[in-house]
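Bear in mind that the values in this text are calculations on the coordinates, not laboratory data. If you're wondering where the values come from, they're calculated on a predicted model, not measured in any experiment. Glycine gets a Cβ as well: all are built from the backbone with ideal geometry, and neighbour counts include every protein chain shown.
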Amino acid sequence: MSEAVSLRPASIRPALLLRLALRLLWRDWRGGELRLLLLSLIMAVTSVTGIALFTDRLQQALVQESATMLAADRVLSGREPAPGEWMVEARSRGLRTASFVAFTSMAFSDDGNLLVAAKAVSDEYPLRGSLEVAEQPFVEGAPVEAGPPRGEVWAESRLLSALQVDIGDPVYVGEATFTVTRVLTHEPDRQQGGMLENAGPRLLFHRDDLDATGVIQPGSRASYRYLFAGDAAVLESFGEWLSERSAGEYRLRDIREESQEVDEALQRGQSFLLLGSLFAVVLAGVAIALTARRYSERHFDYVAIMKTLGSTSRQIMSLYLVILLLLLVAAVTLGSLAGYLVHESILWLLTAILPVTLPPGSMLPYLMGAMTALICLLAFALPPLLALRDAAPLRVLRKDIDSGLKGSLLPYWAGGLGAMTLLLWYSRDIMLTLMLVLVVAGIVALVSALAWLVLRSTRVAGSRAGSPWGLAFSSARRRRHQTVLQMLVFSITLMALLSLTVLRTDLLDDWQAQLPEDAPNHFMMNITENQVAGMTDYFRDNGVRPRPFYPMVSAGLLTINGDSARQLWGAGESRGNLTESTAENDEEGENRDSDRRIANRQITWTADLPPDNEVVSGEWWGESPEPGLVSVEDDYAERLGMETGDELHFESGGQEFSATVHNLRSVQWDNMQPNFFFIFSPGTLDGSGATYLSTVQLEGEDKQLLNPLLRQFSTVVVLEIDALIEQVRTIIDQVSAAVELIAVLVLAAGALVLLACVNATLDERFRENAVLRALGARQRLIMSSLVIEFAFIGLVAGSIAVLGTEGVLYYLQTEMFGQAFRPHYWAWFAGPVSGTLLIGALGAAATRRVVHTSPLIVLREMA
């Protein structure tokens, strides 16, 4: 009686309200009603906090690790020395600085000479990463704290072999004499810059010895690089100061701007992590909505009793809001702790491939987890609880009074709005959000229509009550709304899991194809036509597989169908690749003076379609094409509005020529192969004086084959990119491992949704099956019907999920990840089969106690 009095309006005080909320919360927890709801909330917070902490620290680590490829956080480069005041200003802001000058020069010994990529470095070089040296050629090196002192040079192994010198021998560069003291085995930024900085083996010496060589004179082609490292905010501020002082002519660049391969690997990995976080949160939100709805329906009787004892709707809502607040606090606390443990577990698993010390995480991931829990509660859990205000006191006597939840659209609208809010907040991408909303809307329409047709067609089968098939379809038809809702939830869940699985597989396959084991690690340029046969024979005689030789000339596009190409080009820059960017660096000054043509491009001609190129419009010209045809990279053509049949006019070496667009090609710019914007049919550019480009893979001591090759073909320039390939592979391995682990987290969230969806109909199934058992139905019949019912729902949901998956993947792969979309035929089999098996087994396991619970117990609770 005292508790009844305590529920009266006059006696409800904040302290008492909190005590009642805790008592109700504890009772519901012991009864198992709140466990799945709290678990869903914790899963949402854990997913967001764990993934956000992991991605926050991983992104910082990847950027930190990839920054070693620049030997700094930011770099400033130019053809002339920078004003000294810039470095003074940087140091005054607390930044660390270093510099070097890179140039090509002849290096001499008493027994030979060779063109080398010389580099004069300051004492502070490098700011990120480390130099590694050895005491003899072709062995593994060890890191050192500083570069070579004055009067000494460090040389790569191949250079010692070519010049026939050993440690302690003299080497001559210009007018200076140096002593070889170490073998250089690794420098962090070996592959940065163009051909000027990498044409030949490296020779490293001190910056103060540069003047003594006398090599750098007015007009000399040298690259001046200035390195900066420090706090990101300070670097950003200094970059703005520098841009203002140089009128925008100079700006600091990071690794993303310096290396397209690294930028693309990081961008794809971060996009996948973001997508995984989106799916995990949305799935956890769906689980919250389902469990909150069931929690509300089970509390209508309690609310009715409280109203008969004098409690008002406002007091009841206050009570349940306190319960939600307590759940929020518990979920945020436990979820944040679990998220921290999850992200630490992930990092522990990645210890082998994350050699860097990760920077500490910020508080933002914890705030994101808390906000996610709050949004999930407001959008998914609060609307069903609001319906408790309208519970009729008469429900104490009449259990058949409708709760009002079944016909209410508020939970669905609120849930949809909450899901869109979460999607927009995490993705910051309106198009991605709209795409997912449209796909889900399409699934809703398709599920509704298909469920109506299927359930209508099973009416006859339902008349055979003794058959498990008939019993299953009859049960599904009676719970038409719940069946449609289950199909919808299962479809969306399976779509998310399938999308992430397929995308993960495609990403990993794409990365493996990008850098296969036999990827070339040396580019050979400036090859004359009469050297091609000799170089081919040389490699074949030494057991090295020869690769295609591509003729190259530099040409600028003048007009498209008579219209100025420069005017059509507009603002911005097109994508480049290793071959193109090297050429563009060397032609920068020439291009700046052009007023008629688009910047020079390296063009080629061949009868064969290059590897990893795919014709997307028109046809390839075959083995015996007519002259005057050109194939254009499709993105480049799209920007300029080119189509097959267009007439293009070019200029090369003072001569003008025309060609007809015969086809458009897609190109993989990140595959470490020679790629071109324009490929012409043979015979179009005869007599143009082309030089040739080729590639080769040489590992370890095989690199020594380059020395006799360069002595025999002295005009050839070799660009070594094996260090770049190794660094990109390392980053891809790191991101791939992260992708795998994020997929596991999303699978856990999906399993939680499936469990919540099955549990949402348990109460009604208990009552129905208790009646069937009381009427003589056997456990085997009921269990068989439950398995058939859930397997049937899984089959329909899996089939629809495949359609949604293909729609989602089309957008994600073409717009977000820059991949070519291809139908995933295996998913059309995996979706229905996995849906049937997974949901059938899960439904049977979750409803097993429905069959084994005594009908007498259930019927007593119904009374």
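For a paramagnetic label modelled on VAL532 (point 7 Å from Cα along Cα→Cβ), amide N atoms under 18 Å away belong, within segment 688-713, to 688-696, 713. Remark: the MET363-MET431 segment gains 21.6 nm on full extension, using 0.36 nm per residue and subtracting the alpha carbon distance.
Grab the beta carbon distance between THR644 and ARG780, set R0 = 60 Å, and tell me the FRET efficiency rounded to 0.05.
Efficiency at R0 = 60 Å is approximately 0.35.
Karplus-based coupling profile of segment 610-620, in residue order and whole Hz: x, x, 6, 9, 9, 6, 10, 8, x, 9, 5, with θ = phi - 60° in 6.51 cos²θ - 1.76 cosθ + 1.60 and x standing for Gly or Pro. Taken along the Cα-to-beta-carbon direction at a fixed 7 Å, the label points for ASP686 and TRP29 span 8.8 nm.
Remark: the LEU337-ARG221 segment gains 36.0 nm on full extension, using 0.36 nm per residue and subtracting the alpha carbon distance.
Which residues in segment 230-244 have a backbone N closer than 16 Å to a point placed 7 Å from the Cα of ARG91 along the Cα-to-Cβ line? Of the residues in segment 230-244, 230 have backbone N under 16 Å from the label point off ARG91.
Extending 7 Å from Cα along the Cβ direction at GLN655 and again at ALA841 yields two label points whose distance is 7.0 nm. If you take all other residues with their beta carbon under 11 Å from the beta carbon of LEU159, and give Lys and Arg +1 and Asp and Glu -1, the sum is +2. Given R₀ = 22 Å, what would the calculated FRET efficiency be for TRP469 paired with VAL771, taking r from the Cβ atoms and rounding to 0.05? So, using R0 = 22 Å, E works out to roughly 0.65. Backbone amide hydrogens, once placed in the peptide plane, bring GLN697 within less than 5 Å of ASN521, excluding anything fewer than 5 places away on its chain.
Placing a pseudo-label 7 Å from each Cα along the Cα-to-Cβ vector at MET106 and LEU309 gives an inter-label distance of 10.2 nm. A cut-off under 12 angstrom between Cβ atoms defines the neighbours of ILE679, and their net charge, with Lys, Arg +1 and Asp, Glu -1, is 0.
Tell me, in nm to one decimal, what length is gained between ALA232 and ASP169 on full extension, where the rule is 0.36 nm per residue of separation less the Cα-Cα distance?
18.3 nm
For segment 116-216, the relative contact order works out to 42 percent when only alpha carbon pairs closer than 8 Å and six or more residues apart are counted. For segment 654-687, backbone nitrogen atoms closer than 19 Å to the point 7 Å from ASP612 Cα along Cα-to-C-beta are found at 665-679.
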